[in-house]
Amino acid sequence: MAIYVGSFLPNKNLKNSLLALSKLNNRGDGLKFVAIGGTEAEFLRCTELSEIPSWVTVIPRTNDRDLIADHLRNSRVFIMPSFHETFGLVYIEALSQGCCIIHSENEGIDGVFNEPFIKSVDPHNVDDIANKVDALVSQFPCGVSKTDVKRLIDNFSWPHIAEQYLEIINEGTI
């Protein structure tokens, strides 16, 4: 299963994400897609569809962290090939739940990680998105291992960040 969590805005590129997943499903992959963060009408507007495909579940914006975490844990790939994106903690949250990541080249978390389960794509290229999703689903059928998750996520913990701040302060480099 693939998942997206965020606002249903054109910049988030839900249209090309859906086209890529549709290509995989047309060849028989049977991928499900969960999109959390907006109404069905917003989803249809962003994807330029007239109806939601049977393999897509749309869940409105929610503050229910447990619900989001459950869906992330049940997914293999988090997909957000935005046209323009800041760092975005949603990538880290998805990774923390064991999702492989699809993100845009030169946007968001590009260059932060060098891991085989985190792939950058050309957000304009549906085939690139589809090929990378396919590769991640094939290579990581159970998602990211708990060992890898812990190794990467610990870098974003408050104690780790605080330790880095203290090192900077103690070196007097501010």
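Below are the figures for this structure:
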| quantity | calculated |
| --- | --- |
| Accessible area expressed per residue, region 102-174, with surrounding protein chains retained (probe 1.4 Å, Å²) | 63 |
| For region 1-64, radius of gyration divided by Kirkwood radius, i.e. Rg to Rh on alpha-carbons | 0.94 |
| Cα-based Lys pair tally, the chain, threshold under 21 Å, eight or more apart or on separate chains | 16 |
| Distant-in-sequence amide H partners of residue 121 (H built 1.01 Å from N, under 5 Å) | 103, 104, 105 |
| Pairwise FRET efficiency - residue 163 versus residue 11, Cβ, R0 = 25 Å, nearest 0.05 | 0.10 |
| Mean separation of Cα contacts under 8 Å (6+ apart) over length of the chain, as relative contact order % | 22 |
| For region 60-65, 3J(HN,Hα) per residue [Karplus equation, 6.51 cos²θ - 1.76 cosθ + 1.60, θ = phi - 60°, Hz, x = Gly/Pro] | x, 3, 8, 9, 6, 4 |
| Contour excess over end-to-end distance, with Cα ends at residue 61 and residue 115 and 0.36 nm allotted per residue | 16.4 nm |
| Residues of region 1-30 with amide N under 19 Å of the 7 Å Cα→Cβ point at residue 44 | 8-10, 14-16, 18-19 |
| Computed over region 90-171, Cα set: Rg, Dmax in Å | 15.0, 49 |
| All Cα pairs of region 1-147, percent lying beyond 26 Å | 14 |
| Solvent-accessible area, 1.4 Å probe, carbon plus sulfur percent, for the chain | 51 |
| Centroid-to-centroid separation of region 105-157 and region 1-38 [C-alpha atoms, Å] | 16 |
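The values are calculated or read from the model by the stated rules, or taken from the named source; none is laboratory data. Computed from a prediction, not measured in an experiment: that's the story for all the values here. Backbone-built Cβ (ideal geometry, glycine too); neighbour counts: all protein chains shown. The accessibility values were calculated without ligands, DNA or RNA, using every heavy atom of the protein model including side chains. Shrake-Rupley method; radii C 1.70, N 1.55, O 1.52, S 1.80 Å.
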